[in-house]
Amino acid sequence: MNISLIHRKMYLPVISRLAPTPSGYLHIGNAFNFLLTALLVDFQNGHLHLRIDDLDSPRVERSSVEDIFVQLEWLGIEYDSGPSGPDELYTKYSQQLRKERYCKTLEILRDSGNLFACECSRSEIRQLSRGVNYPGTCLDKNLDFLNENLPWRVHVPDHTFVSLKTLTNKIEKINVTQAMGDFVIKRRDGIPAYQLASVMDDIELGVNFVVRGQDLWASTAAQLFLAQCLNDPIFPAARFVHHRLINDNSGNKLSKSAGSFSLKMLQKKNRRPTWIFRETAKALKLPFQEILTLDDLKEVFRSAALQKDGLLTILEQEK
């Protein structure tokens, strides 16, 4: 089934987002995710939102926030809603402005009996779980939620599954118990955890199409589970693409830094991002020799996406 058929079967317009975390300079892996998201959303005539995940204020750097807007402009990626720059982020779109909403939702989940407080240290968890999921040590201890030094966890019962819809509307089952176990929803420092903030933002935006790396497969399971706990009808029906990761020369996952793989450094060396467009095409196994601009990449992508059992099937199989 090609994507034009998929689009005609959908009742809702495609709504997706870019969701960078400003904890360091963006790198090639971020560029690949942004470009792939923009390509898929553009091809489906969808709506693209810029959401900056800045809830973890101790890790947020002003220079990294500014870098997001600089690199999006350099890559030529246009989005339909979201902050136009750092100032508008802080005054209108920052997750810091929604912290009260996250906390109220935490209280709702707590009162529903889905959460429990946990006193285990990370070293204790590693020792007891042998590197797998949290072993449930504090589940039945009934520790006081009012203890500000204790994180809160979501209880995921045994054999809990969620349904995930793929790019071409196929349904896959994910075992949340195995993927995440009882995961943290409120951190020890009192900050609502990423899983809650991310899914609440997606729910509020009406996101129904998510493009993310393979390393966030477990996060997808956790967020689909949370959306069900919150009785949301839209996000559990969203379609997901989990793409391969772009690694460094040693085969390791890239991390945000000011190193040679950061877009900031690449921009200094290359006036135009042609090299990144071609690398994106190569990663998608598309013809790349003639690509000079983002429009060229869009044209090559569109041609491949229209082919039955071509590009879209490959993307759907990546986990």
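General observations
- Residue-wise HN-Hα coupling along the range 44-49, computed from phi with Karplus coefficients 6.51, -1.76, 1.60 (Hz; x: Gly, Pro): 9, 6, x, 10, 10, 10
- Under 11 Å, Cβ to Cβ, from VAL210 - net charge with Lys/Arg +1 and Asp/Glu -1: +3
- Environment charge of ASP56, counting only residues whose C-beta is closer than 10 Å and scoring Lys/Arg +1, Asp/Glu -1: -1
- For the range 13-119, diffusion coefficient by Stokes-Einstein and Kirkwood Rh (Cα), 10 °C, 1.306 mPa s, µm²/s: 103
- Put in line by how crowded their Cβ is, counting other Cβ atoms within 10 Å and starting with the fewest, TRP152, TRP275, TRP74, TRP217 read TRP275, TRP217, TRP74, TRP152.
- Lone cysteines, the chain (no partner Cβ under 4.7 Å): CYS103, CYS120, CYS229
- The stretch between ASP158 and LEU139 holds 5.6 nm of extra length on full extension. This uses 0.36 nm per residue minus the Cα-Cα distance.
- Placed amide H near THR160: partners under 5 Å, 5+ positions off or other chain: VAL176, THR177
- Most mobile listed residue (ILE125, ILE185, ILE234) in the chain, GNM with C-alpha springs under 10 Å: ILE125
- ³J(HN,Hα) computed for each position of the range 75-86 - Karplus, 6.51 cos²θ - 1.76 cosθ + 1.60, integer Hz, glycine/proline x: 6, x, 7, 9, 10, 8, 8, x, x, 8, x, x
- Put in order of Cβ neighbour count within 10 Å, fewest first, the listed residues THR293, THR280 become THR293, THR280.
- Electrostatic tally near ASP140: other residues with Cβ closer than 15 Å to its Cβ, Lys and Arg +1, Asp and Glu -1, net -2.
- Computing FRET efficiency as 1/(1 + (r/R0)^6) for ASP111 and ARG187, where r is the C-beta to C-beta distance and R0 is 22 Å, gives about 0.65.
- Computed 3J(HN,Hα) for the range 206-211, one whole-Hz value per residue from the Karplus formula 6.51 cos²θ - 1.76 cosθ + 1.60 where θ = phi - 60°, is x, 4, 10, 8, 10, 10, glycine and proline marked x.
- Kirkwood hydrodynamic radius of the range 3-317, Cα pairs, Å: 20.8
- For the range 96-255, the orientation-averaged shadow of the C-alpha convex hull comes to 10.8 nm² (one quarter of the hull surface).
- Helix-only [θ]222 nm of the chain, DSSP H runs n ≥ 4, -39500 (n - 2.57) each, per residue, nearest 500: -11500 deg cm²/dmol
- The fewest-to-most ranking of LEU224, LEU36, LEU306 by surrounding Cβ atoms within 10 Å reads LEU306, LEU36, LEU224.
- Taken about its Cα centre, the chain carries a charge dipole of about 680 debye when Lys and Arg each add +1 at the Cβ and Asp and Glu each add -1 at the Cβ.
Where a number appears in this text, it was derived from the coordinates with a stated rule and is not lab data. Fair warning: this is a prediction, and the values are worked out from it, not measured in the lab. As a convention, Cβ positions derive from the backbone with ideal geometry for all residues, glycine included, and neighbour counts pool all protein chains shown.
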